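Read the structure below first, then the notes.
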Amino acid sequence: MDIKVVGIDLAKNIFQVCVWKQDGTVAWNRKVTRNKLLHTIRQFPETTLIAMEACGTAHHWARQFMTLGHDVILIPAQHVKPLVGNQKNDANDALAICEDAFRPGIHPVPVKSIEQQDIKSLRCVRSRLVEQRTATANQVRCLAAEYGVSFPVGIRNLKHKLPECLEDADNGLSFVLRRLLQGLYDDIVLLDRDIEYLTDEITNLCKVQPRYKALLTIPGFGPIVAATFMSEAGTGEQFHNGRQLSAWCGLVPKQASSGGKQSLRKITKSGNSELRMMLIHGARAVGRFCNKRQDTLCCWFNSLVKRQGKAKAIVALANKIARIGWRILVGNDDFKLSLAFRSA
């Protein structure tokens with residue numbers, strides 16, 4: 001059988017496998033149970049191209065198929081849906097995956113190694129704990145505000161002021177609320193401890209990655225931003241240049257051009273939302289100090305703030321450091337300010 005691509009629609013127990021031949025015809029498109037999937041894949045010749053949607057369990061099966069000698073491509077989910085058509089079923093999904101494997105302009109999701117999967121898992125749990133800490137802190141503020149007690153902005157300020165507030169007998173807090181706020185304060189302390197532990201684990205795992213230390217030399221790239229960048233972009237070799245990576249992150253303007261008239265709108269916000277958020281947070285951290293410095297980066301940022309405003313300047317800087325991150329990731333050099341931001 002002259003196979004062009006094998007498309008697999010992933011599931012928990014029942015998988016849909018579509019075999020597409022070189023002449024454009026479908027050899028077969030049928031369901032395969034979980035315990036027979038590897039046996040089915042073993043029947044194909046080595047180096048067979050296997051395409052899957054980048055969803056849950058995709059990286060696990062990709063690593064399994066690669067150990068069997070096959071080539072694997074993971075298709076971003078947003079590119080599969082348009083080719084499914086009106087009739088949504090597993091057979092059409094598997095066929096759409098086969099078609100997407102050869103569409104130009106699609107950047108496949110890099111298959112994560114076990115180490116990258118570990119970093120991703122730690123990041124997911126850490127993000128959930130950060131959200132829980134923020135929600136708990138907001139609840140403390142809301143409950144205390146109903147009794148006429150307010151706290152300064154920031155988790156650190158809240159942790160510092162809340163014990164003092166609980167000890168103050170004249171601030172109007174009832175006994176019931178004091179006991180409730182004490183429990184919430186204990187929850188915040190425990191969440192802080194767990195977040196710090198996971199941050200150390202992520203840092204220790206990233207230190208053995210070859211380009212991690214080089215990424216840390218980029219302004220705005222701290223341990224968490226660099227870890228997110230590495231675990232999501234992989235080696236970066238699937239992109240031809242840095243602009244493709246920034247477009248993959250959703251940091252480029254959305255186009256609405258027609259008839260030779262170019263119209264650029266807000267950023268597309270496509271791709272990985274967490275990576276885009278981290279890059280913008282890193283750019284925001286850099287922008288806080290640019291008004292106090294006179295290097296080429298700060299001069300570039302400050303002039304952009306005057307022309308476009310600070311919000312757009314921060315997104316533009318996030319786009320810039322994303323491109324720089326790609327260059328550092330695929331190259332052998334550290335960040336050099338004179339090359340990234342040239343003086344006017």
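Taking only the C-alpha atoms of region 33-81, Rg followed by Dmax gives 11.0, 30 Å.
Both radii were evaluated on the Cα set of region 76-155; the Rg over Rh quotient, with Rh as the Kirkwood radius, amounts to 1.30. Listed by chain and number, the lysines whose alpha-carbon sits under 20 Å from that of K88, ignoring those within fewer than 8 places in the same chain, are K12, K31. How high is the relative contact order of region 114-208, given as a whole-number percent (alpha carbon pairs under 8 Å, six or more residues apart)? The normalised contact order for region 114-208 reaches 45 percent. The calculated P(r) of region 212-341, using every Cα pair and 5 Å bins from 0, goes 2, 11, 20, 24, 20, 13, 7, 3, 1, 0 in percent.
The Cα center of region 291-344 and the Cα center of region 115-155 differ in position by 30 Å.
From the P(r) of the chain, can you give the percent of Cα pairs sitting at distances over 26 Å? Of the Cα pairs, 62 percent sit more than 26 Å apart. When Rg and the Kirkwood Rh are both derived from Cα coordinates, the Rg/Rh ratio for region 3-101 amounts to 0.92. In this structure the chain gives 56 Å² per residue of accessible area when probed at 1.4 Å with all protein chains present.
Within the listed set P104, P219, P253, the residue fluctuating most in the Gaussian network model of the chain (springs between alpha-carbon atoms under 10 angstrom) is P104. Peptides 223-234, 240-251, 172-183, 197-208 ranked from most to least packed give 223-234, 240-251, 197-208, 172-183, packing being the mean of other C-beta atoms within 10 angstrom over each peptide's residues.
Region 24-47 and region 199-270 have Cα centres spaced 35 Å apart.
Rounded, prolate or oblate: which one fits region 114-208, using the alpha carbon gyration tensor with axes a ≥ b ≥ c (rounded when a/c is under 1.5, else prolate when a/b beats b/c, else oblate)? Taking the square roots of the gyration eigenvalues as a ≥ b ≥ c, region 114-208 is prolate. If you line up the long axis of helix 155-167 against the longest principal axis of the chain, both from Cα atoms, how many degrees apart are they, to the nearest 10? Here the helix axis deviates by roughly 40 degrees. Over region 33-182, the Kirkwood radius and the radius of gyration, each from Cα atoms, give a ratio Rg/Rh of 1.29. Take every pair of alpha-carbon atoms less than 8 Å apart whose residues are at least six positions apart; their mean separation over the length of the chain yields a relative contact order of 12 percent. Cross-link reach is defined here as a Cα-Cα straight distance under 16 Å, omitting same-chain residues fewer than 8 places apart; for K254 the lysines meeting it are K266, K269, K312.
The values are calculated or read from the model by the stated rules, or taken from the named source; none is laboratory data. Quick caveat: nothing in here was measured; it's all calculated off a predicted structure. Don't worry about glycine lacking a Cβ; one is built from the backbone with ideal geometry, like all the others, and counts go over all protein chains shown. Note: areas computed on protein heavy atoms with side chains; ligands, DNA, RNA excluded. Shrake-Rupley method; radii C 1.70, N 1.55, O 1.52, S 1.80 Å.
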